[in-house]
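Only one structure is covered here, and it is reproduced in the block below.
The values are calculated or read from the model by the stated rules, or taken from the named source; none is laboratory data. Keep in mind that what you see is a predicted model, and the values were worked out from it rather than measured. Neighbour counts are summed over all protein chains in view; Cβ atoms, including those assigned to glycine, are modelled from backbone coordinates with ideal geometry.
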Amino acid sequence: MNIDKRLQAAVQSYWNARRQNKEKQVKSGKIDAGTRGEVTGGTQMGALEVLVSDILCEAGLKKVDVRTRTALELPGYFRATKKWDLIVVSDGALVLAMEFKSQAGKSIGNNVNNRSEEAVGSAKDIWTAFREGRFGQAPPPFLGYLFLLEDRDNVKTPVVNKEPYFQVDPEFRGETHLKDTAALRRYKGVSYSKRYELLCRRLVLERLYTSACFMMATNSRKTTITQPAEDLNFQRFVAALRGHVVTFLGSRSK
């Protein structure tokens with residue numbers, strides 16, 4: 001199967017898993033508030049993790065070296081350990097560590113800052129641990145970040161920034177997309193989807209992550225996937241993964 005079909009199946013599985021988790025909650029009589037019941041099972045991103053795992057193995061890694069369910073703890077610097085979503089440890093070297101994150105439902109604004117702080121903090125933690133020799137003398141690992149956002153109206157609507165003292169970054173104000181003075185005076189800011197796109201792009205630009213992927217998908221029986229930014233699409237992300245594996249295996253064969 002080509003990569004687009006495999007991605008479509010994995011994202012569809014994400015929505016199916018959320019739906020099944022909610023149904024289990026209803027049957028048990030214990031229903032969590034909001035959309036929490038949809039994610040309580042903890043397996044909604046499993047198909048995407050398996051897809052990336054398969055891609056890594058197809059690129060030449062041993063399946064036994066790719067971890068997605070257990071033994072995912074890596075040492076940190078500001079904390080003892082952090083559990084990643086997917087890691088690759090081969091011949092005593094940390095080859096890759098990856099995060100899979102998502103956001104769905106109406107309460108999108110409650111978690112944008114939390115997601116940003118978590119992504120930046122996790123990257124800073126592991127790179128500092130790498131500097132301190134927690135992963136031996138191996139080359140720098142690949143750090144990956146994949147974010148899936150539900151495609152719905154409320155994530156595409158401009159969001160007002162609160163600026164009681166100082167103006168926020170022009171990208172978050174939307175100024176770079178407005179030309180005339182009148183429009184600048186009544187700007188509303190960028191949408192939550194744009195905020196997540198900027199987050200993913202800047203995580204890579206600031207070298208906190210090696211590569212990032214940002215996707216949007218409708219919560220439907222036949223999901224529709226959109227990839228707003230070419231530099232953050234899944235195909236480019238996969239190419240970066242494969243390139244890192246080839247480089248790692250090449251260094252081991254010398």
So, in segment 208-254, of the ones that are within 18 Å of the chain's Cα centre (by Cα) and of a type in the set (D, E, K, R), which residue ends up nearest to Lys5 (Cα to Cα)?
Arg236
Within segment 151-161, residues being surrounded by 13 or more Cβ atoms within 10 Å (Cβ to Cβ) and in contact with a Gly (Cβ under 7 Å, 6 or more places away or on another chain) number 3
Tell me whether segment 24-32 contains one or more residues that are loosely packed, with under 14 Cβ neighbours inside 10 Å, more than 21 Å from the chain's Cα centre (by Cα), part of a loop (DSSP other than H, G, I, E, B) and modelled with pLDDT of 90 or more.
no
Do any residues in segment 174-201 that are of a type in the set (Gly, Ala, Ser) have Cβ atoms under 8 Å from those of residues that are part of a loop (DSSP other than H, G, I, E, B) and at pLDDT below 65, where the two are at least six apart or on different chains, and which pairs are they?
Gly174/Tyr187
Per-region count, segment 98-134, residues surrounded by 13 or more Cβ atoms within 10 Å (Cβ to Cβ) and at positive phi:
1
What helices (runs of 4 or more DSSP H), lying completely within segment 176-254, carry at least 1 residues that are aliphatic (A, V, I, L, M) and at pLDDT 95 or above?
192-205, 234-252
Condition first: in a loop (DSSP other than H, G, I, E, B), surrounded by 11 or more Cβ atoms within 10 Å (Cβ to Cβ) and out of contact with any helix residue (DSSP H, G or I) (no Cβ under 6 Å at 6 or more places or on another chain). Now tell me which residues in segment 62-84 satisfy that.
Lys62, Arg69, Leu72, Arg79, Trp84
Across segment 106-135, what is the total count of residues that are small (Gly, Ala, Ser), more than 30 Å from Gly92 (Cβ to Cβ) and modelled with pLDDT of 95 or more?
1
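Residues are listed down the side, and each one gets a yes or a no for (1) of a type in the set (Val, Ile, Thr); (2) modelled with pLDDT under 95:
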position: Gly37; (1), (2): no, yes
position: Thr43; (1), (2): yes, yes
position: Leu48; (1), (2): no, no
position: Ile55; (1), (2): yes, no
position: Ala59; (1), (2): no, no
position: Leu72; (1), (2): no, no
position: Thr81; (1), (2): yes, no
position: Ala93; (1), (2): no, yes
position: Leu96; (1), (2): no, no
Scan segment 136-145 and tell me whether some residue there is in contact with a Gly (Cβ under 9 Å, 6 or more places away or on another chain), modelled with pLDDT under 90 and farther than 18 Å from Arg201 by Cα.
yes
